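The values are calculated or read from the model by the stated rules, or taken from the named source; none is laboratory data. All values reported here derive from a predicted model rather than from experimental measurement. Cβ coordinates were reconstructed from backbone atoms using ideal geometry, including for glycine residues, and neighbour counts include every protein chain displayed. With ligands, DNA and RNA removed, areas are computed over all heavy atoms of the protein, side chains included. Shrake-Rupley method; radii C 1.70, N 1.55, O 1.52, S 1.80 Å.
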Amino acid sequence: MNFLSTFIQVVIVVALAVPGYILRKTKLLPENTAGIFAALLLYVAQPFLMMSSLFNKTFEADMLANFAWVIGFAIVTQLAVYFAAKLIFAKSKDLAAKRACTAASYLGNVGFMGIPVMEMLFPGNSDLILYTVVYNIAFNAMAWTLGVYAITGERKSIRPVKILLNPPTIAVIIALPFFFCNVAIPDEIMTPVNYLGQMTLPLSMIILGIRLADMSPFRLFKDPKVYLVAFVKLVISPLLSLGIVMLVSLAVDIDRYVIIALFIIGAMPSASSTLTFAELYGGDKETAAAATLMNTILCVITVPVLMLLCDFI
């Protein structure tokens, strides 16, 4: 994978945050805009992105084994990064900040950024898109259980019903029968579904720009914890994921694109759900926001560098 072409693609993605930053800095957007956009992103754009990623894709029975590998590795690798982050931040005295850092270290931007980035880096490779959608199923389950626990430290905050009753997973459940039965969706339906799904990346980056505009530069760039979170999420997470999968592949034959998908997904920056959970459950919102923003800024460098390893997989 060429470094320059990947770098340009990732820069284009991050540059989508600029309009949100400028509009918020010039006060053309009110304070609650990010929350409104976030609701549109969660309840409209991402669910339609999930459906558009499954509709009119050809299903073959031998795909099931690869899907099972993706889900299994998604759970194992996220758990591995979670426990690694727990160890790394164990000595932090600020309990709320420690919890936010741990969550930001393993919850990746799989849906909002993962699928669009995969489409940009590997145009025309439907297998990688499907693997990313399948990964999202495991990710959402982990986010609403272990993610909530990481922020709160309380098991009673976990709501198992959210594993299924969240917009992206509901969208996947709706789309899966059409995918498994190879039902052709007419253009009259696919066109609006695609349009709404394509809002996901621009919306998520505009929200990022708005939050960056509201963030104190001192708070963002002077806090050493956010750099450590970025190192765990952008370096340790993908390399640990790759190491686990490659180790298993020595004993079992695993499709190359499954390995690549898991590696790239592991390299995605922190998910906005880290901040969402901090806001919902009274966690450290400032640390969660700063870690997410710093991750997304630094992925401009880390993703292209890590992508060079794909040639050796």
| request: From largest accessible area down, sort 115, 297; use a 1.4 Å probe on the protein chains. | output: 297, 115
| said: Could you derive backbone 3J(HN,Hα) for the range 5-11 from the dihedral phi with the Karplus parameters 6.51, -1.76 and 1.60 (θ = phi - 60°), listing whole Hz in sequence and x where the residue is Gly or Pro? | reply: 5, 5, 4, 4, 4, 5, 4
| message | For a quick check of understanding: with a 1.4 angstrom probe and all protein chains in place, what accessible area in square angstrom does residue 268 have, to the nearest ten? | response | 0 Å²
| query | Around residue 108, which amide H atoms from residues at least 5 apart in sequence, or from another chain, sit under 5 Å from its own amide H, with H modelled in the peptide plane? | reply | 271
| request: Quick one: among 166, 136, 295, which has the greatest mean-square fluctuation in a GNM of the chain with alpha-carbon springs under 10 angstrom? | output: 166
| About its Cα centre, what dipole magnitude does the chain give when the only charges are +1 on Lys and Arg Cβ and -1 on Asp and Glu Cβ, stated in debye to the nearest 20? | 1300 debye
| message | If I compute solvent accessible area with a 1.4 Å probe over the protein chains, what percent of it on the chain is carbon and sulfur? | response | 69 percent
| query | If you rank 24, 256, 155, 219 by how much accessible surface each has, with a 1.4 Å probe, what is the order from largest down? | reply | 155, 256, 219, 24
| said: Under the rule a/c < 1.5 gives rounded, and otherwise a/b versus b/c splits prolate from oblate, where does the chain land using the Cα gyration tensor? | reply: rounded
| Of all trypsin sites (Lys or Arg not before Pro) in the range 53-150, which ones are in loop regions per DSSP and have a Cβ with at most 14 other Cβ atoms within 10 Å? | 91, 93
| Gaussian network model of the chain, Cα within-10 Å springs - most flexible of 156, 285, 225 | 156
| task | Send over a whole-number figure in Å² for the accessible area per residue of the chain, probe 1.4 Å. | result | 44 Å²
| task | Note down the nm distance, to one decimal, between modelled labels 7 Å out along Cα→Cβ at residue 12 and at residue 39. | result | 3.3 nm
| Comparing 259, 129, 170, which has the greatest mean-square fluctuation in the GNM of the chain with Cα pairs linked when under 10 Å apart? | 170
| query | Roughly how many debye, to the nearest 20, is the charge dipole of the range 72-230 about its Cα centre, given +1 on each Lys and Arg Cβ, -1 on each Asp and Glu Cβ, and no other charges? | reply | 1100 debye
| Could you give the distance between the Cα centres of the range 241-313 and the range 111-126, to the whole Å? | 14 Å
